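Encoded as structure tokens, the structure appears first; notes follow it.
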Amino acid sequence: MGRTPSSRQWLDRHLSDPFVKRAQQEGYRSRAAYKLLEIQAKDQILRPGMRVVDLGAAPGSWSQIAVGLVGPRGQVVALDLLPVDPLPGVTLLQGDFRDPDVLERLRRVLGDRLLDLVLSDMAPNISGVTAVDQPRAVYLAELTLDLARECLKPGGGLVVKLFQGEGFDAVLSEMRSSFSRVSSRKPRSSRRESRELYLVAKGFHP
């Protein structure tokens, strides 16, 4: 079966994307690596020795960056619904973050020690219907914030992807109630037509 016009357009755009080409040249698993690198350059969220959870990790580019920056004294745990190829130094879990049993597995892996940082590049399967996609994205962000409130140490940080639209301001307000500073970032590597933003929170106060 031949490709549809829309799939051909996507493939052409993907192959001509400078960040896709750069990721291939520099050994990152996806162009999403540059979103986290830009956030790191601006906000310095990752440091040696940190304990980090990476949600929505597949194919693993954020975990690649995180494990390199936290070093051998740190810890990175990655979770995704999709399988992630092994990454040296990263503990991989597969499952649906919305599933209570999967969350319990994650808690067991983390143990009693608190986290320094929660990263989430999660997004729902996009249907193209904003009235459907937006609530799903907000729900994932709310679940991520709940986990951060449960597992972060005082002063810890959170990076979460969200889409501009209904519910965005409510999530932002909730984050501001738990962190001393929350900034909104639109990395250059985020496609211009995308509504995605990253909320970068620092200074968690339980």
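The values are calculated or read from the model by the stated rules, or taken from the named source; none is laboratory data. Note that this is a predicted model, so its numbers are computed, not measured. Every residue, glycine as well, gets a Cβ built from its backbone with ideal geometry; the counts of neighbours run over all protein chains shown. Each accessible area value is taken on the protein alone, full model and side chains, heavy atoms only, with ligands, DNA and RNA left out. Shrake-Rupley method; radii C 1.70, N 1.55, O 1.52, S 1.80 Å.
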Hydrodynamic radius by Kirkwood, which averages 1/r over all alpha carbon pairs of segment 53-167, in angstrom | 14.6
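Which percent of the accessible area of segment 130-189 is formed by carbon and sulfur heavy atoms (probe 1.4 angstrom)? Don't skip to the answer; put the middle values down first.
On the way: 1390 of 2850 Å².
About 49 percent, which is the carbon plus sulfur part of the accessible surface.
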Estimated D of the chain in µm² per second, where Rh is the Kirkwood radius over Cα pairs and Stokes-Einstein applies at 37 °C, 0.692 mPa s | 187
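Could you give the longest part of the chain that holds none of the GluC sites (Glu not before Pro) found in DSSP loops with at most 14 neighbouring Cβ atoms within 10 Å?
Values: sites that count: 166, 193.
By the stated rule (loop sites, at most 14 other Cβ atoms within 10 Å), 1-165.
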With springs only between Cα atoms under 10 Å apart, run a GNM on the chain and tell me which of 52, 159, 20 wobbles the most.
-> 20
Phi angles of segment 99-107, converted by Karplus (6.51 cos²θ - 1.76 cosθ + 1.60, θ = phi - 60°) into ³J(HN,Hα) in whole Hz with x for Gly and Pro, give 8, x, 5, 5, 4, 5, 4, 4, 4
Working note, segment 150-206: Cα radius of gyration (Å, one decimal) and Dmax (Å, whole number) are 12.0, 36
Local electrostatic count at residue 81 - Lys and Arg +1, Asp and Glu -1, tallied over other residues with Cβ under 10 Å | -2
Looking at segment 95-160 from every direction and averaging, what is the projected area of its Cα convex hull in nm²?
-> 4.7
Using a 1.4 angstrom probe, figure out how much accessible area the chain has per residue, in square angstrom, rounded to the nearest whole.
-> 52
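Please give the calculated 222 nm ellipticity per residue for the chain, where each DSSP H segment of at least 4 residues contributes -39500 (n - 2.57) and the sum is spread over every residue; nearest 500 deg cm²/dmol? Mind showing how you got there, number by number?
Values: 7 runs with 86 residues, N = 206.
After summing the helix terms and dividing by the residues of the chain, the value is -13000 deg cm²/dmol.
Using DSSP to define loop residues, name the trypsin sites (Lys or Arg not before Pro) in segment 110-162 whose beta-carbon has at most 15 other beta-carbon atoms within 10 Å. Intermediate values should be presented prior to the final figure.
Values: sites: 113, 136, 149, 161; in loops: 113.
For trypsin sites (Lys or Arg not before Pro) across segment 110-162 that sit outside H, G, I, E and B with at most 15 neighbouring Cβ atoms in 10 Å, the list reads 113.
What is the sum of charges, Lys and Arg at +1 and Asp and Glu at -1, for the other residues whose Cβ falls under 13 Å from the Cβ of residue 202?
Details: positive: 42, 47, 153, 176, 181, 185; negative: 43, 116.
Surrounding charge for residue 202 is +4.
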Listed residues 29, 185, 108, most fluctuating in the chain (Gaussian network, C-alpha, under 10 Å) = 108
Checking 43, 169, 116 against a Gaussian network model of the chain (alpha-carbon springs below 10 Å), the top fluctuating residue turns out to be 169
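For the cross-link pairs 42/161; 153/186; 21/42; 21/161; 42/153, which exceed 20 Å when the distance is taken from alpha carbon to alpha carbon?
On the way: 42/161 16 Å; 153/186 26 Å; 21/42 23 Å; 21/161 23 Å; 42/153 22 Å.
Over 20 Å Cα-Cα: 153/186; 21/42; 21/161; 42/153.
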